[in-house]
1. Got at least one residue in the stretch 112-123 being small (Gly, Ala, Ser), crowded, with 24+ Cβ neighbours inside 10 Å and over 30 Å from residue 244 (Cβ atoms)?
2. Which residue pairs have Cβ atoms under 7 Å apart, sit 6 or more places apart or on different chains, and have a first residue in the stretch 448-474 that is among the charged types (D, E, K, R) and a second that is part of a helix (DSSP H, G or I) and surrounded by 11 or more Cβ atoms within 10 Å (Cβ to Cβ)?
3. Looking only at the stretch 210-231, which residues are surrounded by fewer than 11 Cβ atoms within 10 Å (Cβ to Cβ) and assigned to a loop (DSSP other than H, G, I, E, B)?
4. List, please: which pairs have Cβ atoms under 6 Å, are six or more places apart or on different chains, and start with a residue in the stretch 30-46 that is outside any strand (DSSP E or B) and end with one that is at pLDDT 85 or above and of a type in the set (Asp, Glu)?
5. Identify the single condition in (1) at pLDDT 85 or above; (2) assigned to a helix (DSSP H, G or I); (3) touching a Cys at 6+ places or on another chain (Cβ under 8 Å) that residue 478 does not satisfy, given that it satisfies every other one.
6. Residue 100 - would you say it is modelled with pLDDT of 85 or more and farther than 30 Å from residue 12 by Cα?
7. Here is a check on your reading of the model: is residue 269 of a type outside the set (A, V, I, L, M, F, W, C), assigned to a helix (DSSP H, G or I), closer than 30 Å to residue 376 by Cβ and within 22 Å of the chain's Cα centre (by Cα)?
Amino acid sequence: MSNLFKVKSVETIIKQNEEAGEANTLKRTLGPVNLVALGIGAIIGAGLFSITGLAAANNAGPAVTISFVIAAVGCAFAGLCYAEYASMIPVAGSAYTYTYATLGELLAWIIGWDLVLEYAVGAATVAISWSRYLGKFLQHYGVNLPPQVMMSPFDSVTSPEGVVVHGFINLPAVVIIIAMSFVLIKGTKESALTNALIVALKVSVVLVFIFLGWAYINPHNYDNYIPANTGKFGEFGWSGIIRAAAIIFFAYIGFDAVSTAAQEAKNPSRDMPIGILLSLGICTVLYILFAHVMTGLVPYTAFKGQDGIAPVAVAIAATPYVWLQQLVILAILAGYSSVIMVMLMGQSRVFFSMAKDGLLPKVFADVHPKFKTPYKSNLIVMAFVCLFAAFIPARVVGEMTSIGTLFAFVLVCIGVIVLRHTRPDIPRAFKTPLVPLVPILGIVTCVFMMVFLPGDTWIRLIVWMALGFVVYFAYSKRNSRLNK
């Protein structure tokens, strides 16, 4: 039983990585700009265009800008902990590797298995939404894709004639996953360039909305900046601001994917903290400005009952720039593409590290002789994610992503406290300030968010973890390099 909590020291992790040889090592090609772009690529998705309006209409009013600040502070607690780890342990694996160095093999396995919910299942969820927005984009030009190839077999839609049409396979979702997977296999440098171009496009659209919309802000829309509480917790007032912060917290998720690329960073000790914290900071500024303009263009009550891109479309209607609506859908498609790519990259890098430790079959750690990427892991992850995206409804996998991410944040925050006490001697290029206060605040924030998730999400997490224990004791424990 003692082997279950055996810790793999930081020195051992780094030494094994150095001894792996060029044939089994990922290529270091990413600089600080690439890492910041990677973080922005993972963070900014369609949630900015839809969640902002909904949180303003139902919870916070124009004070949703304050909610974005609160959510950013909550993310920053976890981000500071990730930054310390990434500067100290510059290898692939993210929260899995960090947990192995602090809390032992069993908990490392749990977090590695849990990260499948964030990265693989998250990529499938985003791909399903990407398919839906592609349909909207093409409809504008008179192209209508058959609904049978746009939905899972468990979904259906009623045609204008009143006929119920059932889905067969979500084909566009499969296509975008395959496309992003082959970009990743081609090389990290090429993936970073593709991501940078996509990030430039979607950030440009956000900036265009902010700059063009600013001139049409009606100051009277801010008169009731913090609407009075309705008497129910979470409906306006300060409780509404807090509830909105919990809702839009998930618009920030993704920055931790930067840490999975530590082994491909040119100078990880210096650049990883820059990538994590600067991407969080840039996205926070963009989010606040976007929310300020959106709630200034029309009264916050105008967003009531909207979904998809409808909230931002309502705001755009208050300006002469109606063409912006189609540009926003294009930004959503671009945003989702980069999110899918970064999530697939994160998953393959976590599996790469777990396979090198013997907890997964060696095939996940095989590196392409030319491209220096874990191509077999990319292909296996691609097949798994394609199956989810093609045949499982988005509503089932969406909330699993959130709880998996928050659980990872909690263990990383705990790990920083543990390692400060057990190994204070290890050089840290970046140190989390105010330890243990900052990690404790990170833990409290994430647990608070997890508590407010639906009960069936917890049931799925428990079932998924139970399956993970079966795999660990049947295969991983017997093949662990540390135990051998």
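The values are calculated or read from the model by the stated rules, or taken from the named source; none is laboratory data. What you see is a predicted model, and the numbers here were worked out from it, not measured in a lab. Note: ideal-geometry Cβ built from the backbone for every residue, glycine included; neighbour counts use all protein chains shown.
1. yes
2. The qualifying pairs are 460/400.
3. 215, 223, 231
4. Between residues of the stretch 30-46 that are outside any strand (DSSP E or B) and residues that are at pLDDT 85 or above and of a type in the set (Asp, Glu), the close pairs are 32/271; 35/271.
5. Answer for residue 478: the failing condition is (3).
6. On the way: modelled with pLDDT of 85 or more: yes; farther than 30 Å from residue 12 by Cα: no.
Criteria not met by residue 100.
7. Details: of a type outside the set (A, V, I, L, M, F, W, C): yes; assigned to a helix (DSSP H, G or I): yes; closer than 30 Å to residue 376 by Cβ: yes; within 22 Å of the chain's Cα centre (by Cα): no.
It is false that residue 269 is of a type outside the set (A, V, I, L, M, F, W, C), assigned to a helix (DSSP H, G or I), closer than 30 Å to residue 376 by Cβ and within 22 Å of the chain's Cα centre (by Cα).
For (1) without any contact (Cβ under 8 Å) to a residue 60 or more places away in the chain; (2) touching a helix residue (DSSP H, G or I) at 6+ places or on another chain (Cβ under 9 Å); (3) not aromatic (Phe, Trp, Tyr), each residue gets a yes or a no:
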| site | (1), (2), (3) |
| --- | --- |
| 165 | yes, yes, yes |
| 183 | no, yes, yes |
| 197 | yes, yes, yes |
| 205 | no, yes, yes |
| 236 | no, yes, no |
